[in-house]
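The block underneath contains the structure these notes are about, expressed in structure tokens.
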Amino acid sequence: MKRVITSEHLHIVRHHASKLWGRVGLYALGITCGLIVVLQMLVPWSNLPLYATIDGVSVGGKSAAEVTKMLDDRYAKLPISLYFGSSPKAYRQPLSSDIGLTVNSKPQVDAKVYPIWLRLVPISYLWAHLVVPSVAPQYQRDSAKVAAYVEKQLGESCNVVPQNASLKYKDKKLQVVPAIDGGTCKLADVEKQLGGVSPRMNKHEVRVAMDERPAALHDGDAQKTADELLDRTKSITVQAGSSTMTIPQDTFLSWLDFDAQDSGIQATVNAERSSDYFAKELAPKVSIKPGTSKITTLDFTEISRVDGSSGQALDNQATIEKMNEWVNGVRERIIAQVKSVAPTPVYTRTYTPTDEGMSALIAQFAQAHSGSFGVSFAELDGQRRHASYQGTKSFRTASTYKLFVAYGALKRVEAGQWQWTDQIDGGRNLTKCLDDMIVKSDNACGEAMLAKIGYTTMTNELRAIGLTGSSFVKDIPITTASDLTTFVGALHSGQLLNPSSTNTLISAMKRNVYRQGIPKGANGQTADKVGFLDAFLHDAAIVYGPNGTYALTIMTEGSSWATIAELTKQIEALRVQ
């Protein structure tokens with residue numbers, strides 16, 4: 001028998017289904033809320049709620065420690081604006097530390113921490129920032145420091161000097177800089193206000209009452225001057241030679257500086273801001289290229305001269321003075337001013353192969369090249385010529401000092417005080433260290449041996465052999481070109497060490513790996529020691545050439561190895577004339 005489903009049956013089914021789904025919905029909502037609460041409980045206990053702010057600073061989701069440090073740092077750097085009377089401009093803006101104020105933001109931050117009870121309310125993480133309280137930071141004050149600051153800034157009397165209204169050109173507009181009235185106040189009031197200030201991020205100013213003294217020039221005076229300037233500078237022409245130049249108004253106004261004295265506002269053209277326009281637009285209109293003067297010299301003596309014609313160039317400062325007179329209404333026209341330019345000297349230099357000729361070559365070479373030079377030359381056989389340029393000028397030794405250290409070490413070996421097997425640095429004995437110091441310019445060995453000898457002892461030993469310009473007892477080690485040339489010359493002639501020691505040092509100098517200076521310019525085998533440090537490049541050498549042996553030292557600051565090589569080459573060429 002079939003079972004008939006009536007409408008009443010369907011109604012009952014729908015009713016039970018509706019109740020079932022309602023229960024499911026409630027269970028789902030409860031589970032969801034429970035999960036949200038669990039997630040909110042998992043937020044670190046010291047964190048602030050999402051979207052939280054303190055004094056307008058966004059701190060949401062950050063830890064209390066992080067926010068405290070951030071706010072404390074900001075409070076420490078927060079300028080506290082000190083105003084007098086009704087002035088719209090702060091007279092001073094001390095930092096909290098300047099007035100002995102320490103701001104501790106921990107109370108503010110602790111009050112904003114996401115509380116436990118709110119975590120039990122679903123989705124409160126999104127709106128908790130609306131209900132957590134806001135409190136003030138904690139202040140610690142040092143009245144003595146406030147008093148010291150006030151005394152330093154205001155002296156023994158509270159006398160605020162009024163500031164006249166002035167002008168400035170900004171955003172392509174000539175704008176009035178408002179006047180600030182001055183006056184007198186009570187120092188005690190300033191100390192009280194600064195001593196009691198409680199700055200917040202969104203409010204950090206102090207205003208002290210005073211008996212006001214008005215400025216001599218007010219905003220209306222400045223505006224009147226501005227109107228006159230705008231009218232006067234509508235058309236700006238400059239007579240530059242045979243040309244008449246028109247300077248755009250906004251360009252000219254951008255050059256102006258303003259000085260607001262009680263008698264009125266003076267406008268002056270700023271040399272730096274106007275320089276590009278002068279160079280590109282005015283200078284070409286008045287410039288006349290100078291001619292050349294042909295000068296022939298022999299050694300240090302001028303033997304003939306043919307003078308060229310003088311030229312002409314724009315005189316910037318004199319032109320600016322004329323512009324200043326015009327813009328302030330003293331002059332009706334602006335005429336570009338010029339100055340004479342001497343003809344360019346072109347030298348034909350010749351030198352005699354004498355001491356004077358060699359010295360002239362070296363001096364004139366140094367003067368024609370960038371950098372500072374000290375040069376000393378001495379032939380060790382043949383004609384025995386000598387020459388120098390700033391030979392006694394002191395230079396930082398750089399690594400040339402290692403020649404002196406090698407001498408000190410070899411002397412001690414000869415005296416039996418040091419042994420070749422003595423350990424010097426990093427497992428290297430004296431034999432290895434001395435060779436590395438000269439051949440590779442090893443620093444560690446040089447420093448270790450110098451320290452072992454002693455700075456004062458080394459200086460005294462150098463002075464004993466006539467090197468009076470060398471020292472290790474000052475802030476930095478120094479020497480001169482003359483001292484180094486004397487040293488390598490005496491080394492070559494056997495005056496410093498016995499033959500074995502002399503050969504040891506000269507052999508190492510011949511194997512020096514840095515060969516871009518004197519060796520590159522010399523015509524012959526070279527035994528040398530270089531020094532390079534920062535802008536210093538030095539080379540001290542014995543050159544064994546086909547035309548005899550000579551000592552040469554070239555010390556430089558701000559030069560190059562190529563320049564040192566070129567000077568060596570020119571000295572070589574003059575020697576064989």
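The values are calculated or read from the model by the stated rules, or taken from the named source; none is laboratory data. Fair warning: this is a prediction, and the values are worked out from it, not measured in the lab. Glycine also receives a Cβ, built like all others from the backbone with ideal geometry; neighbour counts cover every protein chain displayed.
Of note:
- Spans of strands (runs of 3 or more DSSP E) in the stretch 344-453 with at least 1 residues farther than 24 Å from E566 by Cα: 344-350, 423-425
- Count - residues of the stretch 315-332 that are under 22 Å from D250 (Cβ atoms) and not in a loop (DSSP other than H, G, I, E, B): 9
- In the stretch 198-313, counting only strands (runs of 3 or more DSSP E) that sit wholly within it, the ones holding 1 or more residues that are under 30 Å from A136 (Cβ atoms) span 205-208.
- Residues being within 23 Å of S376 (Cα to Cα) and aliphatic (A, V, I, L, M) are represented in the stretch 452-463 by at least one member.
- From M509, M555, residue being touching a residue at least 12 places away in the same chain (Cβ under 8 Å), more than 15 Å from I438 (Cα to Cα) and in contact with a helix residue (DSSP H, G or I) (Cβ under 8 Å, 6 or more places away or on another chain): M555
- Filtered by the rule that a residue be in a helix (DSSP H, G or I) and either within 40 Å of the chain's Cα centre (by Cα) or surrounded by 18 or more Cβ atoms within 10 Å (Cβ to Cβ) (or both), the stretch 507-518 gives A508, M509, I518.
- T563 vs. criteria buried (at least 23 other Cβ atoms within 10 Å of the Cβ) and either among the β-branched types (V, I, T) or not in a strand (DSSP E or B) (or both): no
- Test result for I265, of a type in the set (V, I, T), surrounded by fewer than 20 Cβ atoms within 10 Å (Cβ to Cβ) and in contact with a strand residue (DSSP E or B) (Cβ under 6 Å, 6 or more places away or on another chain): no
- In the stretch 137-180, the residues that are touching a Lys or Arg at 6+ places or on another chain (Cβ under 6 Å) and of a type in the set (V, I, T): V177, I180
- When D257 is tested against (1) at pLDDT below 95; (2) touching a Ser or Thr at 6+ places or on another chain (Cβ under 8 Å); (3) surrounded by 12 or more Cβ atoms within 10 Å (Cβ to Cβ), just one condition goes unmet, and that condition is (1).
- Applying the criterion of being at pLDDT 95 or above and polar (S, T, N, Q) to the residues of the stretch 554-577, the residue that is farthest from Q516 (Cα to Cα) is Q570.
- Tally, over the stretch 154-183, of residues that are more than 30 Å from Q249 (Cα to Cα) and either surrounded by 15 or more Cβ atoms within 10 Å (Cβ to Cβ) or assigned by TED's automatic domain parsing to the domain that holds S263 (or both): 7
- The set of residues in the stretch 398-418 being among the polar types (S, T, N, Q) and in contact with a strand residue (DSSP E or B) (Cβ under 8 Å, 6 or more places away or on another chain) consists of S399, T400.
- Hits in the stretch 105-141 - residues which are charged (D, E, K, R), closer than 26 Å to D72 by Cα and touching a helix residue (DSSP H, G or I) at 6+ places or on another chain (Cβ under 7 Å): K106, D110, R141
- Subset of the stretch 297-310 that is surrounded by 15 or more Cβ atoms within 10 Å (Cβ to Cβ) and more than 24 Å from G241 (Cβ to Cβ) - its residue that is farthest from the chain's Cα centre (by Cα): L298
- Some residue of the stretch 464-483 being more than 37 Å from the chain's Cα centre (by Cα), in the same structural domain as D528 (by TED's automatic domain parsing) and not in a loop (DSSP other than H, G, I, E, B): yes
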